[in-house]
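Notes follow once the structure below has been shown.
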Amino acid sequence: MFIPLKKGDRVRLRIVENPDGTQTTYFDDKVRTGSLAALFFVFAAIAIVIGFFRGLFSLIGLAFTVFVLFWFLFPQILAGRDPILMTVLASIVILFVNIHLSHGFRIRTFFSFLGTVAGLFVVVLTSYIFTHTSSISGVGTEESMLLLWEVKTITDPVALFIAAVILGTVGVLDDVAVTQSEVVGEILDVDPTLSRKDVFFRAMRVGRHHIASTVNTLVLVYAGAALPMF
């Protein structure tokens, strides 16, 4: 592995205690905090310039999500709580705050939240059934095995795997539910005389395209994350 370094770069070192009492120092990685911060500020600026207040509120929602993950979900799992239950509770809180913060406190937004929560419980059920019928161990990665060895409070890798599936699905559910709710609202705003049947079928036509593009997105996201394995 070759990482280009120049004078003044900050690096991270790993110090290992040897059996004979000596220490060996290894180069771990380069510190990239400044580059990552610059990238985030560019992302935030684009979100605000294009999305205006919606973009600003979505960034606030992002900060809230990080807060819930690092100050509630992860500590609760490390403390030995049920990963599935804790992830469901954290997801509901994240969805409630983010959906209403990003899209406004309106009745259609609230129904988007309810639809997303309903989809969340479907994901929990199908994930539980699939993982158990497929005999998934939950220790398919080096990180998961190290976690089981190092953290004694985590004893159910399958539950942790299901929690990961739930957490990864929450963002997709948020996107689909809110978009479909907005589609229905816009259709009714254009022609309030439409019957519920007409609105349903028009929204479903949009939904079918949304599902098709979402499936493709999920495959590409997974391929990108697992590219070294492929």
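Look at (1) more than 21 Å from the chain's Cα centre (by Cα); (2) among the acidic types (Asp, Glu); (3) closer than 17 Å to Phe74 by Cα and you find that Asp191 fails only one, number (3).
Tally up the residues in the stretch 76-89 that are in contact with a Leu (Cβ under 9 Å, 6 or more places away or on another chain) and either loosely packed, with under 14 Cβ neighbours inside 10 Å or free of Cβ contacts under 8 Å to residues at least 40 places away in the same chain (or both), please. Residues meeting the conditions: 2. Name the residue that is least open to solvent (accessible area, probe 1.4 Å), counting only residues in the stretch 129-180 that are within 21 Å of the chain's Cα centre (by Cα) and of a type in the set (S, T, N, Q). Among them, the one singled out is Thr131.
Condition (residue is more than 18 Å from Ser181 (Cα to Cα) and surrounded by 17 or more Cβ atoms within 10 Å (Cβ to Cβ)) applied to the stretch 108-119: is it met by at least one residue?
Initially, the stretch 108-119 is screened for residues more than 18 Å from Ser181 (Cα to Cα), giving none.
No, every residue in the stretch 108-119 fails to be more than 18 Å from Ser181 (Cα to Cα) and surrounded by 17 or more Cβ atoms within 10 Å (Cβ to Cβ).
For residues that are over 20 Å from Ile107 (Cβ atoms) and open to solvent by 100 Å² or more (accessible area, probe 1.4 Å), scanning just the stretch 194-213, find the one that is nearest to the chain's Cα centre (by Cα). Result: Ile211.
How about the stretch 148-181: which of its residues are among the β-branched types (Val, Ile, Thr) and part of a helix (DSSP H, G or I)?
Restricting attention to the stretch 148-181, the residues satisfying the condition of being among the β-branched types (Val, Ile, Thr) are 151, 153-155, 158, 162, 165-166, 169-170, 172, 176, 178-179.
Passing the criteria: Val158, Ile162, Val165, Ile166, Thr169, Val170, Val172, Val176, Val178, Thr179.
Residue pairs whose Cβ atoms lie under 6 Å apart, sitting 6 or more positions apart in sequence or on different chains, and linking a residue in the stretch 168-188 that is under 18 Å from Leu62 (Cβ atoms) to a partner that is open to solvent by 50 Å² or more (accessible area, probe 1.4 Å) and part of a helix (DSSP H, G or I), are Val178/His103. Across the stretch 1-31, the number of residues qualifying as of a type in the set (Val, Ile, Thr), assigned to a strand (DSSP E or B) and either touching a residue at least 24 places away in the same chain (Cβ under 8 Å) or surrounded by 10 or more Cβ atoms within 10 Å (Cβ to Cβ) (or both) comes to 1. So is Ser58 open to solvent by less than 50 Å² (accessible area, probe 1.4 Å), of a type in the set (S, T, N, Q), assigned to a helix (DSSP H, G or I) and at negative phi or not? Considered against the rule, which asks whether it is open to solvent by less than 50 Å² (accessible area, probe 1.4 Å), of a type in the set (S, T, N, Q), assigned to a helix (DSSP H, G or I) and at negative phi, Ser58 comes out as yes.
The values are calculated or read from the model by the stated rules, or taken from the named source; none is laboratory data. These figures come from a predicted structure and were not determined experimentally. As a convention, Cβ positions derive from the backbone with ideal geometry for all residues, glycine included, and neighbour counts pool all protein chains shown. Just so you know, the surface numbers come from the protein's heavy atoms only, side chains and all, with ligands and any DNA or RNA stripped out. Shrake-Rupley method; radii C 1.70, N 1.55, O 1.52, S 1.80 Å.
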